[in-house]
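First the structure, in the form of structure tokens, and then the observations on it.
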Amino acid sequence: MSVPHKVGTVKSKQATNVKAPVAKVVKAAGKKKDEEEATDTAEGEEWMPGKTLVKPPDQLDLTEEELNEEITRVLTANNPNAPQNVVRYGFKEGCYKPIIFVDQMAIHFELEGNLVHKESDEGRRLMAKQAEREEGTGAEKLDNVAKAGEKERKLTNQFNFNERASQTLNNPPRDISCQTEPPPRANFSATANQWEIYDFYVEELKRREKSKEKQEGQVLNKEEDKSKKKIIQAETQSDDITQLAHAAKIIERMVNQNIFDEVAQDFMYFEDAADEFRGEKGTLLPLWKLQYDKAKGLSVTALCWNPKYNDLFAVGLGSYEFTQEERGMLLFYTLKNSSYPEFIFNTTSGVMCVDIHEQLSYLVAVGLHDGCVAVYNLKKKSDQPVYNSTASSGKHRGAVMQVKWQKDDLDSNHNFISVSADGRVVSWTLVKHELVFTDIIKLPATDKVPDDLKDVIATAGTSLDFHKQKDYHFLVATEAGKIHKGSKYYSSKFLETYDAHFMTVSRVRWNPFHPNVFISCGWDWMVKIWDQTIKSPIFTFELKTSVTDVAWAPYSSTIFAAITNDGKSRDHA
Amino acid sequence: MAEVDETMKRLQNQKGVQGIIIVNAEGIPIKSTLDNASTVQYAGNIHQLLMKARGIVRDIDPQNDLTFLRIRSKKNEVMIAPDKDYFLIVIQNPTE
């Protein structure tokens, strides 16, 4: 068979290769073989006729056409294993660029040798070392070699192998543990309300203030400490019940309120429907009856309302029996507790008159039957008066009929004025701890007394009243039936004298609204209303019995009330 | 001491008062004019009520404090006046 000698073409007939791509080396080798085979077969065909084609059993069966097909194979120097589409990121353009030139070298075998060139640095060094070793260790070589051999022998000896092991003595382990005693525990619970916090702060403040005070007054404290100790001891002993005093008081008032509930209601809201029908007679409803056991036998001589606390009033108890010198009492009642007085003071003699200071409602001036005047301070717990006038300090020689507080004088000392049966009008000033008296005026004797006795026998003053606006003007009423108008600043003479009544004038009072009008009443059955500028009275009322007291209504300038010896009270308008 | 005793006597003699009990801060009755059983009952119950009432008043305004508590029932009226360490209970029959 003729074989076309086309370079690069291989007939598929002769091809022992499969059509699948094969390494080109093989192809190249294959080509050579073919050529050899071709020459061989060419040569063989000359002397060996009819060599049949040997077909391997797994060769593809192809048709004639397919066999005659010419397939072009190209031999290139490309490395088939080299990647063909390598792409690298180009930072300049910011995109991936394909790299065209790829390394086509394929390494088949690599061996790193340990041959060093004789004349290089390293080579020379090694040669020098070798020379040294050969000189020095000529003898040792043998030993080393022998040992190496022995060692090698030991290691490789598998039959005589011995293993020995040893262990150090292990100390027997012991467990030791200790536990501390747990701290004592106690359950604590408390509430922390807003008010508990507030209470605590208040106490803290008090403590701090006390410590400040202690620091400031340490010199005086020695004396005070002793008294404090006593007080503290007393407090701890009697701390069970005395603290209840306040609570007990409140309870008492509440109990009374319950009992006298109707009365309290009447006090506020009483409106008698019958008033419209009765005409002249009205109704006076008695509300409370205030009694005190120890005051039995004493007559009420004076009454005074407290200007600040509207339900508190003072009662002076004494006796009208001028011949007997009896004891007296000063009681304070409040309408809230009608069964028991709030304050009780015992006095040495009967109380004739009481007056409470307008501004300082705890100062009470009392005029006594024996001529003394006393001032009590309600804030202090003691039973004794704060001030007392004695025989030496100018007390009256007769019973004090009326006392009246004045405004504080220039030195802001409190003072009051009293009039008594000895005919003197005296002003008392409270200076520190003493009562200092100043005679204001002396009531002149009546005409009936002979001239030479005028200085001795005095006319008794019975009533005293000060003008509401011009408080230096005052009116004094006497037993002789005269009313004198005087001024605090003129001590020798009276401004005016009015012949008021034929008998003792028991009360004289200015009108609270009209500046010129005053009223007087006397034992001669008459009540007279005067204008201070006119000598004779404007109005005269005749009542059937001697009039003992008269008072203006506080809300109207034209109404007054009078009480008479027969126990009746009348209101006039 | 004597003052309080006197007040107690007067209270006892007032119209309609059935009993008076003084209780200390822990709720233990100290003095009483009633029999033991009633006293203990009153003291225990009222103590709790008083604490509650006081708490109410002070919670709303810590500067405020309870001064008085009154419970009026069909048959009688119980009045309680608390103090710093004690409180006083009075049972009264208000109507005649």
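The values are calculated or read from the model by the stated rules, or taken from the named source; none is laboratory data. It should be emphasised that the depicted structure is a prediction, and the values quoted were computed from it without experimental measurement. Cβ sites come from the backbone with ideal geometry, for glycine too, and all protein chains shown count toward neighbours. Side chains included, ligands, DNA and RNA excluded: accessible areas come from the protein's heavy atoms. Shrake-Rupley method; radii C 1.70, N 1.55, O 1.52, S 1.80 Å.
Within the stretch A:467-503, count every residue that is in a loop (DSSP other than H, G, I, E, B) and open to solvent by 20 Å² or more (accessible area, probe 1.4 Å). Give the steps one after another, and end with the answer.
Of the residues in the stretch A:467-503, the ones in a loop (DSSP other than H, G, I, E, B) are A:467-472, A:479-481, A:488-495, A:500-503.
Still in the running and open to solvent by 20 Å² or more (accessible area, probe 1.4 Å): A:468-472, A:479-480, A:488-495, A:502-503.
The qualifying residues number 17.
Residue under question is residue B:74, and the condition is that it be within 8 Å of another protein chain (Cβ to nearest Cβ) and either at pLDDT below 90 or at negative phi (or both); does it hold?
Details: within 8 Å of another protein chain (Cβ to nearest Cβ): no; either at pLDDT below 90 or at negative phi (or both): yes.
No: the conditions fail for residue B:74.
Among the residues here, residue B:39 does not qualify as part of a helix (DSSP H, G or I), facing chain A (nearest Cβ under 8 Å) and either out of contact with any Leu (no Cβ under 9 Å at 6 or more places or on another chain) or buried (at least 18 other Cβ atoms within 10 Å of the Cβ) (or both).
In the stretch A:102-121, the residues that are under 28 Å from residue A:87 (Cα atoms) reach residues that are open to solvent by 100 Å² or more (accessible area, probe 1.4 Å) with C-beta atoms within less than 8 angstrom, at least six apart or across chains, in these pairs: A:102/A:84; A:106/A:81. Screening the candidates B:71, B:80, B:91, B:46 for the property of being within 12 Å of the chain's Cα centre (by Cα), farther than 22 Å from residue A:191 by Cβ and either among the polar types (S, T, N, Q) or surrounded by 15 or more Cβ atoms within 10 Å (Cβ to Cβ) (or both) yields one hit, B:91. Screening residue A:239 against (1) at pLDDT below 65; (2) assigned to a helix (DSSP H, G or I); (3) closer than 22 Å to residue B:54 by Cβ; (4) not aliphatic (A, V, I, L, M) leaves a single unmet condition, (2). When the residues of the stretch B:18-31 are narrowed to those that are within 19 Å of residue A:254 (Cα to Cα) and not β-branched (Val, Ile, Thr), which ends up most open to solvent (accessible area, probe 1.4 Å)? Out of the qualifying residues, it is B:18.
Restricting to the stretch A:433-448, name every residue that is within 23 Å of residue A:483 (Cα to Cα) and either open to solvent by 90 Å² or more (accessible area, probe 1.4 Å) or at pLDDT 70 or above (or both).
Within the stretch A:433-448, A:438, A:439, A:440, A:441, A:442, A:443, A:447, A:448 meet the criteria.
Restricting the stretch A:329-349 to residues that are more than 14 Å from chain B (Cβ to nearest Cβ) and over 41 Å from the mean Cα position of the chain (by Cα), the residue that is most open to solvent (accessible area, probe 1.4 Å) is A:348.
For residue B:15, are the conditions met, namely being surrounded by fewer than 17 Cβ atoms within 10 Å (Cβ to Cβ), of a type in the set (Lys, Arg) and at the interface with chain A (Cβ under 8 Å from one of its Cβ atoms)?
Details: surrounded by fewer than 17 Cβ atoms within 10 Å (Cβ to Cβ): yes; of a type in the set (Lys, Arg): yes; at the interface with chain A (Cβ under 8 Å from one of its Cβ atoms): yes.
Yes; evaluated as a whole, the condition is true for this residue.
Inside the stretch A:370-385, can you point out the residues that are in a loop (DSSP other than H, G, I, E, B), touching a residue at least 24 places away in the same chain (Cβ under 8 Å) and over 16 Å from residue A:401 (Cα atoms)? Passing the criteria: A:378, A:383, A:385. In the stretch A:549-573, what count of residues is obtained for those that are in contact with a Ser or Thr (Cβ under 6 Å, 6 or more places away or on another chain) and open to solvent by 50 Å² or more (accessible area, probe 1.4 Å)? Total satisfying the criteria: 4.
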